[in-house]
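Each remark here refers to the structure printed beneath this line.
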Amino acid sequence: MTNRASKVTVDEDYCAGHGACVVTCPEVFKIGPDGYAVVLVDEVPAEMESAVGRAVEECPTQAIGWRD
Ligand code: SF4
């Protein structure tokens, strides 16, 4: 069993709050009270990794990143 990085973060300094990530993966992202995306899960479930990967690629400001 592999155990690779499965956590994801949003950098508020870069997030523009458009919500593309929320559309792509609403189970993991939502727009918080400050108008920036927040991550809803501590660890990304395996079945959502591909959707989160798409959100990472599609974020227009590259605010989302994987971390260990
Ligand atoms: S897609 Fe990127 S810029 Fe848009 S809300 Fe999500 S993290 Fe922020």
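Values quoted throughout were computed directly from the atomic coordinates according to the rules given, and no laboratory measurement underlies them. Remember, it's a predicted structure, so these values are computed and weren't measured experimentally. Note that each Cβ is placed from the backbone with ideal geometry, even for glycine, and that neighbours are counted across all protein chains shown.
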**Message:** Pull out all pairs, ordered by first then second residue, where Cβ-Cβ is under 8 Å, the residues are six or more apart or on different chains, the first lies in the stretch 36-62 and is more than 10 Å from the ligand (Cβ to nearest atom), and the second is of a type in the set (Phe, Trp, Tyr).
**Reply:** Leu40/Phe29
**Message:** I'd like the residue in the stretch 34-49 that is under 16 Å from Gln62 (Cα atoms) and among the β-branched types (Val, Ile, Thr) and, out of all such residues, is nearest to the chain's Cα centre (by Cα).
**Reply:** Val39
**Message:** If I go through the stretch 14-31 residue by residue, how many of them are on the phi < 0 side of the Ramachandran plot, near the ligand (Cβ under 10 Å from one of its atoms) and in contact with a strand residue (DSSP E or B) (Cβ under 8 Å, 6 or more places away or on another chain)?
**Reply:** 6
